[in-house]
Every structure is written in C-alpha cells, then in structure tokens.
Amino acid sequence: MKNYDIINHVKGESSFVDDLNLPDDALNAYVLYSAEAHAEILNIDCSEAQKSGGVKFVITAKDIPGENQIGGIIQDEELLAARFVHFIGEPVAMVLADTWLNAKEASKKIKIEYKKLPVITDPREAYKQGKLILPPRIFASGDVEAAWEQCDVIVEGRADSGGQEHLYLETQSSVAFPVEGGGVKIISSTQAPTSGQKCAAKVLGLPMNMVEVDVIRLGGAFGGKEDQANAWCALAALGAYISKKTVKLSLARQDDMRCTGKRHPYSSDYKLGLTSDGKIVAYEVTFYQDSGAAADLSPAILDRTLFHANNVYHIPNLKATGLACRTNLPPNTAFRGFGGPQGMFVIEAAIFKAAEALNVDPVDIQRKNLFKDGDVFHYGQVVEHSQTIASWEKLDEKFNIAEIKKSVDEFNKNNKLVKKGMALMPICFGISFTNTFMNQAGALVHIYSDGSVSVSTAAIEMGQGVNAKIMQVASVVLGVGIDKVKILSTNTSRVANTSPTAASSAADMNGKAVEIACIILKKRLIDFARTQLNADEEALLDIVDETVMLDGEPADLNWTKLVSTAFFNRIFLSASAQYAVPEIHFNKETLKGHPFAYHSYGTAAVTVTLDCLRGTYEIDSVKVVHDFGKSLNPLIDRGQAEGAILQGLGWMTMEEVIYNGDGKLLTDTLSTYKVPDLHFAPKNIEVEFLKNDNNPLGIFNSKAIGEPPLMYGIGAYFSLLNAIKAFKPGTGFQISAPMTCEKALMYLHTNNYDSGK
Ligand code: LUZ
Ligand code: MOS
C-alpha cells in the first residue's frame with residue numbers, strides 16, 4: 001500500500017495551517033523577538049506601534065491572563081519575556097493586525113530598552129560558570145576506576161558534534177479561534193497537541209477542557225515541533241483570547257530559523273581503555289550538552305545520550321556523565337534521534353582513536369566488541385533479540401566488507417589528489433519514550449451505519465506515513481477494504497491526554513490502540529452476525545474482505561448489510577481504546593531498569609571520494625542492512641530509512657549551525673545553511689531488509705523506523721577522516737563534526753587540525 005497522503009500533496013490539495021480559510025476579520029500576528037542574547041528589559045514602548053496602520057492589538061507579558069510559563073519539564077521559560085531576555089529570538093511582544101505585513105511593520109516601531117548582560121555561547125564555559133540546567137546525570141556500570149589497570153592501551157580526547165536546523169518545509173504555524181464561553185480552538189502544526197493544549201490553557205488561565213487543539217498534518221517536524229510548537233500555539237491562543245478574533249501566527253522562514261532551537265551541539269571528553277587485542281574494557285565519557293537558554297526537552301535528550309553512550313558495544317565498565325549546560329542560545333530541542341546520535345558519535349570517535357593507537361582498522365575493533373544476547377546494557381536492561389552481529393554479517397555477506405576496503409585501498413594507491421575513504425556504522429536505538437509514563441496512546445474508532453469507518457488517534461501525520469500504517473491496521477483487523485477507512489485529524493477532544501508523536505513510536509503505539517478498538521468492534525459485529533445467521537456457539541465466524549465467513553465459507557451477509565442491520569438492532573458501533581506499552585520500567589534513582597520495549601539495529605558501510613585539492617567530496621555509497629522487523633509497509637519504511645540516512649549525512653557533513661560570540665545566528669538563510677539536495681545524495685543507497693524474528697511489541701511484528709537510520713550518517717564523518725588520512729597520514733586529527741568542505745580543506749592543507757581544540 002502506498003502512502004495515501006502523498007497523492008494530494010502532488011496535486012497541491014493537501015491542507016496545511018497556512019491554507020485554512022479564515023473569516024474576513026481574522027487577524028495576523030507578528031512576534032517581535034529579542035535582539036539581545038542576554039539583557040534586562042528596562043522599558044518597552046508600544047505607543048508608536050499601536051498607531052501603526054492596520055494594527056489592532058500589541059500584546060506583551062503583562063497582558064497574559066494566566067501564567068507566563070511554557071516550560072515542559074522544568075518551569076524556566078516565559079512565553080513573552082517579562083524582565084529578562086535570554087537569547088536572540090526570544091518572543092517579547094506580539095502585534096495583531098489586519099495583514100501580516102502591517103503587523104511586521106508595526107513591530108519595528110516597538111522600542112525596547114535593554115541593559116546588556118554577559119553572553120555565554122559555549123557549553124564548557126557555561127559549565128565553568130556553574131550554569132547547569134539540572135544536576136549532573138551519571139550512568140555507570142562496572143568499575144571504571146579499577147578497570148584502567150587491566151587496559152593495555154588507553155586513549156583520551158575530545159569529540160564535538162554540531163547543531164542541526166530542522167528545516168521542516170512548513171514553518172511553525174497555528175491558527176486560534178475564540179469559542180463560546182471564553183475558550184479557544186487551535187489548529188496547529190504540532191507533534192504534541194496535548195502539550196499545546198496544556199500550555200495554552202495555562203497561559204490563558206483556563207481548564208484544559210476549554211482549549212481544543214486540532215492537527216490535520218504537518219509539513220515535516222523532525223522533533224522541531226515536539227515542544228517547540230507550544231509557544232506559537234499558545235501565542236495564537238493568547239491573541240484570539242484577547243482580540244476575540246481568529247488569529248493566525250505563521251513564522252517566516254528566517255524568523256523560524258532564528259527563534260527556534262535545534263539539535264543540541266555537544267562537546268565531549270572521552271577515555272577508552274582496551275586490551276592489546278582490541279577488546280574494550282572501560283569507557284568514561286563526559287557530555288557537555290549545549291542546552292540553550294531554557295530546559296525545553298534537554299533533560300530527556302541528555303538521558304537518551306547517556307542510554308546510547310555505548311552504541312552497539314559491550315562495555316563492561318562504563319561511566320557516562322551528562323551536563324546540561326545553559327547558554328544564551330535558543331533552547332535546543334528534540335531532533336530525530338533525540339540525543340542518541342550525539343552519544344553514539346563519541347564512542348565511534350573513541351574507537352577511531354583507539355584504532356590509531358593499536359594500529360588496526362576501526363572496523364576490527366567495532367566487530368570485536370558488538371554486544372550479543374545476554375549481555376547487559378549499562379542501564380540494566382538485558383540484551384535480547386539483538387541484531388548487531390546478524391546485521392553486520394549480513395552486510396558482509398551481501399556487500400563484502402573486505403572487498404569494499406580493498407577497492408578503496410587500490411583506488412588510493414592509484415590516485416594522488418583524489419582519495420576514497422570507507423567506514424562502517426553499526427547502530428542500536430532503544431524504542432520507547434525514556435519517560436515511561438509517556439508510552440501510551442489512544443484511539444477512537446467509529447463505524448458509521450453505511451459501513452464506512454473513521455479512525456482517530458494520537459498520532460500526527462508529518463509525512464512519515466503513520467496514517468497509511470494505521471489505515472492498514474484498521475483494514476486488516478476489521479476485514480474491510482482500505483477505501484472504507486478514513487483517518488481523521490488528530491484532535492484533543494476525540495483522543496485526550498496524548499503523548500507527542502515522537503520517539504519513533506507513533507505507529508507502534510497508536511497502531512496497537514487502533515488494533516484493540518477494532519478487535520472490540522469486530523467482536524460485537526461477529527456476535528451480532530451469529531444471531532443473524534442463527535449459527536451455533538461453536539461455529540467459526542470471521543469477517544474477510546467485507547464478507548461474513550461462516551466456518552470458512554462466505555455467508556449471505558456482507559459488511560454493509562451487517563453494519564446497517566447491527567445499527568437498527570442498536571449495537572454500539574463505536575469503540576475507544578488505550579494502549580500502554582507493557583514490560584517497561586525504569587528506576588530514576590538507581591538509573592537501572594528496562595526502559596525500552598525493544599531495540600532497532602542495523603549496520604551501514606559508507607564510502608566517500610574526496611577531492612584533496614579542493615576539500616570537496618561526494619558520498620559514493622551507503623549500503624545498509626537494517627532491521628525493520630516484519631515491515632508493515634516496506635515502501636514507507638524504505639522511504640523513512642533513505643530520508644533519515646540523508647538527514648544524518650547532512651548533520652555530519654554540510655549542515656553547520658553557527659552563532660557568533662554575541663549569540664547571533666549567522667546561518668539563518670538557505671544560502672548560508674546548506675542542506676543535502678539531490679546532487680549531494682549518494683549515487684548509491686542500498687537498504688537491505690534483515691530477516692528477523694517476530695517482534696510482538698511492535699505493531700504487527702514490525703519495528704519502529706523513524707529515527708534509527710539517521711545514525712548511519714555518522715559513518716560518513718569517519719569515512720571522510722579516513723580519506724583525509726589517506727592523503728595526509730597522521731594521528732592528530734581532532735574529532736569535530738560536521739566535516740564541511742572548508743574544514744576538510746583545512747585538515748588536508750594546514751597543521752591546525754591537531755591543535756586539540
Ligand atoms: N521524545 C521524548 C523523544 O519526549 N522522549 C523520548 O525519549 C524521545 N526519544 C526519541 C525522540 N523523541
Ligand atoms: Mo522526536 S526527536 O520529536 O521523535
């Protein structure tokens with residue numbers, strides 16, 4: 001089955017927030033944001049703006065009827081800055097006018113007097129000054145201190161990875177409508193309708209039942225609309241509440257890039273100890289997370305970094321320390337992988353350095369240390385159904401690792417100014433929200449009297465195809481055609497108290513909730529059919545292809561007739577269900593437990609070609625064996641894998657988020673922030689599906705696919721380092737992603753690559 005949602009995209013008929021038909025008197029909002037990264041607000045003068053053409057309202061912190069607070073995990077973020085601003089891009093005032101341009105023009109007439117305060121843009125500096133968002137988090141197993149003695153070689157160093165702009169095609173957008181009785185209805189581009197609802201309710205001082213959030217679909221999100229949609233959702237709601245008019249708030253691209261947080265940059269110190277034959281004995285790592293100016297999701301993201309600190313390796317003695325460092329940058333946030341990629345990057349960097357010290361190929365160390373069933377993760381979960389070795393071996397069988405290596409070496413022998421590099425990237429990603437309570441979802445299924453079916457869930461369609469997967473589930477369980485099933489918008493009045501669509505878990509959890517609701521409905525219909533057909537208790541009844549089957553033979557009763565007769569007999573044709581992921585638990589004191597329902601695995605081989613005169617390069621190929629479980633929809637899953645790989649390659653190579661020392665984003669346009677396009681995409685991406693066991697914790701035995709394949713991109717960084725080393729042998733290379741062409745050129749032709757900074 002195709003991703004049905006794309007058909008209307010191609011025709012331009014899919015509806016996004018910006019496409020909504022609004023009443024003639026609707027107002028447009030423009031948000032004025034701080035021009036200073038850290039300052040005290042001495043005065044805000046809105047008088048000129050108020051008189052500007054078309055302006056109806058100018059709103060500041062003092063106009064907020066409820067609490068001026070939008071922090072999710074920690075209450076440390078104001079909706080509109082009251083007395084202090086903490087980053088450039090922090091909302092300070094909102095203008096409502098007849099047109100967006102009039103609102104924007106008026107915003108320029110707002111005069112804000114700032115008293116500048118010291119600005120921190122570096123997480124290590126923030127740490128030095130004691131600016132931590134939460135106490136250090138330490139995940140440990142074994143005894144690292146005692147283990148160093150058993151090591152034949154110990155490498156120590158620093159590894160940094162950069163931020164990443166989400167660059168969803170649809171920018172942050174919400175429209176809010178005032179409703180009878182003082183409430184609001186919000187149509188929002190959010191991954192987290194319940195968070196948006198809760199946040200707007202708090203800001204307006206309303207109970208949650210006075211705020212409804214509805215989501216049709218998103219033009220991409222990638223984590224950027226998990227918590228960061230809340231502010232815009234609440235601002236639109238505030239506008240509608242105050243003006244009593246419909247208010248539309250849709251960010252222009254550059255404003256979106258400046259105001260919203262990105263993937264967290266990390267700077268990390270590692271120490272890795274091994275035996276002389278390459279077995280890892282001990283690993284100690286400290287992660288300096290650049291959290292930005294407010295907590296946002298940083299604590300949960302830091303946890304995932306710590307969970308994935310070992311990637312796929314069995315490390316008997318491990319100590320990982322996470323430091324959430326408060327800087328004066330926009331609050332960094334969820335981004336596909338949610339801290340996992342940053343953790344995995346550092347262990348790969350350490351292995352790369354250890355391979356230099358032992359004078360072996362990193363591939364040998366990687367292979368030797370893959371964990372297997374029965375090993376225990378440093379957070380206490382026992383490894384089960386692992387596909388580390390299986391995916392590696394399948395990759396070797398299918399693509400021949402030695403052969404790839406040989407052809408790279410041969411190429412390098414014969415070419416002086418162009419070099420190739422290759423690296424392997426095995427991955428492991430834990431599936432479940434690391435906050436156990438979030439692992440729940442809901443569904444509401446109606447069968448209408450004409451036999452058509454509507455399904456509502458907590459899942460948000462953001463291009464990933466979750467709606468198509470959910471349609472499949474309803475269709476299979478009820479025994480009706482796909483054309484009978486319609487997925488409705490995601491709405492807090494139909495399915496309440498929802499977790500965000502995040503953590504790669506939406507199809508699993510919402511699919512399971514739909515499965516349960518459909519099983520309930522089917523049982524009711526089959527019980528009813530039994531009476532209609534006068535079949536006895538033992539007779540086997542089923543619904544297949546919209547026909548009632550009696551002991552394996554089609555009975556004279558089709559779906560439409562069954563449903564309409566059931567309705568006239570007052571059979572209830574609606575069901576709701578909740579799914580709560582079983583088996584998971586985690587002790588937040590001891591930091592041990594079984595936090596993940598299961599893990600996803602795979603291995604990639606990445607090869608690159610580097611022009612050693614120019615520093616430019618191409619990614620030649622990404623060959624992958626990935627564990628999709630029993631894929632529910634191979635076409636969608638392959639698309640998710642390819643998209644994630646490209647996004648991971650971008651993070652590791654060309655995407656570079658740069659702030660200057662004043663906290664100003666320098667890469668705030670698409671000419672300065674470069675992302676992969678079709679020309680950059682590897683000529684060859686091959687994704688093989690690994691044969692796998694049943695995975696009962698995934699929907700229909702499938703496995704989550706949204707995030708895991710992004711981490712294959714990390715292989716590109718080390719391939720490029722290998723290509724650089726083929727041109728300029730040496731061991732002093734500092735590990736610092738992304739490897740832009742400019743950086744590659746510096747590594748190739750200057751000596752400051754080994755400054756250790
Ligand atoms: N979001 C979240 C996530 O709130 N918790 C998680 O554990 C998570 N993991 C991956 C992506 N988003
Ligand atoms: Mo996410 S990084 O919102 O799954």
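The values are calculated or read from the model by the stated rules, or taken from the named source; none is laboratory data. These figures come from a predicted structure and were not determined experimentally. Cβ coordinates were reconstructed from backbone atoms using ideal geometry, including for glycine residues, and neighbour counts include every protein chain displayed.
Quick notes on this structure:
- Restricting Ala81, Ala26 to residues that are modelled with pLDDT of 95 or more, in contact with a Ser or Thr (Cβ under 7 Å, 6 or more places away or on another chain) and either farther than 22 Å from Ile187 by Cβ or of a type outside the set (Gly, Ala, Ser) (or both) narrows the list to Ala81.
- Criterion: within 19 Å of Gly162 (Cα to Cα) and within 16 Å of ligand 2 (Cβ to nearest atom) - qualifying residue of Arg326, Arg258, Arg304: Arg304
- All positions within region 470-490 that are outside any helix (DSSP H, G or I) and more than 12 Å from Ala459 (Cβ to Cβ): Gly479, Val480, Gly481, Val485, Lys486
- The residues in region 609-619 that are farther than 18 Å from Leu710 by Cβ and in a strand (DSSP E or B) can be counted, and the count is 5.
- Of all residues in region 647-679 being among the small types (Gly, Ala, Ser) and in a loop (DSSP other than H, G, I, E, B), the one that is surrounded by the fewest Cβ atoms within 10 Å (Cβ to Cβ): Ser671
- Test: residue in region 386-399 that is part of a loop (DSSP other than H, G, I, E, B), of a type in the set (Asp, Glu) and more than 30 Å from Pro123 (Cα to Cα): no
- Tally, over region 202-222, of residues that are more than 21 Å from Ser489 (Cβ to Cβ) and buried (at least 23 other Cβ atoms within 10 Å of the Cβ): 2
- Pairing residues of region 695-709 that are within 10 Å of ligand 1 (Cβ to nearest atom) with residues that are of a type in the set (D, E, K, R), at Cβ distances under 8 Å and at least 6 apart in sequence or on separate chains, gives Ala704/Asp508; Gly706/Arg336; Glu707/Arg336.
- Boolean, Ile427 is over 29 Å from Gly196 (Cα atoms), within 16 Å of ligand 2 (Cβ to nearest atom) and either out of contact with any Lys or Arg (no Cβ under 9 Å at 6 or more places or on another chain) or β-branched (Val, Ile, Thr) (or both): yes
- Some residue of region 493-501 being closer than 25 Å to Asn435 by Cβ, of a type outside the set (Val, Ile, Thr) and within 16 Å of ligand 2 (Cβ to nearest atom): yes
- The set of residues in region 122-146 that are in contact with a Leu (Cβ under 6 Å, 6 or more places away or on another chain) and of a type in the set (S, T, N, Q) contains only Ser141.
- First in region 422-446 and closer than 26 Å to Phe371 by Cβ, second anywhere and among the acidic types (Asp, Glu) and within 16 Å of ligand 1 (Cβ to nearest atom), Cβ under 8 Å, 6 or more apart: Phe429/Glu707; Ile431/Asp508; Thr434/Asp303
- Test result for Phe433, within 16 Å of ligand 2 (Cβ to nearest atom), crowded, with 22+ Cβ neighbours inside 10 Å, within 19 Å of Lys225 (Cα to Cα) and of a type outside the set (S, T, N, Q): yes
- Residue that is farthest from ligand 1 (Cβ to nearest atom) [pool: residues in region 510-547 that are more than 24 Å from Ser452 (Cβ to Cβ) and out of contact with any Gly (no Cβ under 9 Å at 6 or more places or on another chain)]: Asn534
- Output for region 491-532, where each listed residue is in a loop (DSSP other than H, G, I, E, B) and crowded, with 16+ Cβ neighbours inside 10 Å: Thr492, Arg494, Val495, Ala496, Thr498, Ser499, Pro500, Thr501, Ala502, Ala503, Ser504, Ser505
- In the set (1) in contact (Cβ under 8 Å) with a residue 60 or more places away in the chain; (2) away from ligand 2 (no atom under 16 Å from the Cβ), the condition left unmet by Ala555 is number (1).
- Applying a threshold of 6 Å to beta carbon distances and a minimum spacing of six or more residues, or different chains, the list of pairs starting in region 66-83 at a residue that is touching a residue at least 12 places away in the same chain (Cβ under 8 Å) and over 17 Å from Ile41 (Cβ atoms) and ending at one that is among the basic types (Lys, Arg) and buried (at least 17 other Cβ atoms within 10 Å of the Cβ) reads Gly66/Lys202; Glu67/Lys202.
- Matching residues, region 307-359, being more than 16 Å from ligand 1 (Cβ to nearest atom) and assigned to a strand (DSSP E or B): Tyr313, Asn317, Leu318, Lys319, Ala320, Thr321, Leu323, Cys325, Arg326
So that you can scan it fast, the table gives a plain yes or no per residue for (1) within 16 Å of ligand 2 (Cβ to nearest atom); (2) surrounded by fewer than 19 Cβ atoms within 10 Å (Cβ to Cβ):
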residue: Gly343; (1), (2): yes, no
residue: Ala350; (1), (2): no, no
residue: Val360; (1), (2): no, yes
residue: Ile365; (1), (2): no, no
residue: Val408; (1), (2): no, no
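- Across region 544-559, the qualifying residues are those that are over 19 Å from Ile519 (Cα atoms) and either among the polar types (S, T, N, Q) or crowded, with 17+ Cβ neighbours inside 10 Å (or both), and the one among them that is farthest from the chain's Cα centre (by Cα) is Ala555.
- Selection count where residues are in contact with a His (Cβ under 6 Å, 6 or more places away or on another chain) and either surrounded by fewer than 24 Cβ atoms within 10 Å (Cβ to Cβ) or not in a loop (DSSP other than H, G, I, E, B) (or both), scope region 280-300: 2
- Residue under evaluation Gly715, criteria (1) away from ligand 1 (no atom under 16 Å from the Cβ); (2) touching a helix residue (DSSP H, G or I) at 6+ places or on another chain (Cβ under 6 Å), criterion not met: (2)
- Checking the stated criteria, Arg304 turns out to be within 16 Å of ligand 1 (Cβ to nearest atom) and either in contact with a Gly (Cβ under 7 Å, 6 or more places away or on another chain) or modelled with pLDDT under 95 (or both).
- Check on Ile460, within 26 Å of Lys185 (Cα to Cα), crowded, with 23+ Cβ neighbours inside 10 Å, more than 16 Å from ligand 2 (Cβ to nearest atom) and at pLDDT 95 or above: no
- Filter pass, Val477 being closer than 30 Å to Thr547 by Cα, crowded, with 24+ Cβ neighbours inside 10 Å and either away from ligand 2 (no atom under 16 Å from the Cβ) or modelled with pLDDT under 95 (or both): no
- Output for region 1-48, where each listed residue is closer than 27 Å to Val119 by Cβ, over 31 Å from the mean Cα position of the chain (by Cα) and among the hydrophobic types (A, V, I, L, M, F, W, C): Ala39, Ile41, Leu42, Ile44, Cys46
- Looking at region 140-253, the strands (runs of 3 or more DSSP E) lying wholly inside it that each contain 1 or more residues that are away from ligand 1 (no atom under 16 Å from the Cβ) and closer than 20 Å to Pro91 by Cβ sit at 173-179, 183-188, 211-215, 247-250.
- Considering residues of region 579-608 that are polar (S, T, N, Q) and surrounded by 21 or more Cβ atoms within 10 Å (Cβ to Cβ) only, the residue farthest from Thr434 (Cα to Cα): Thr607
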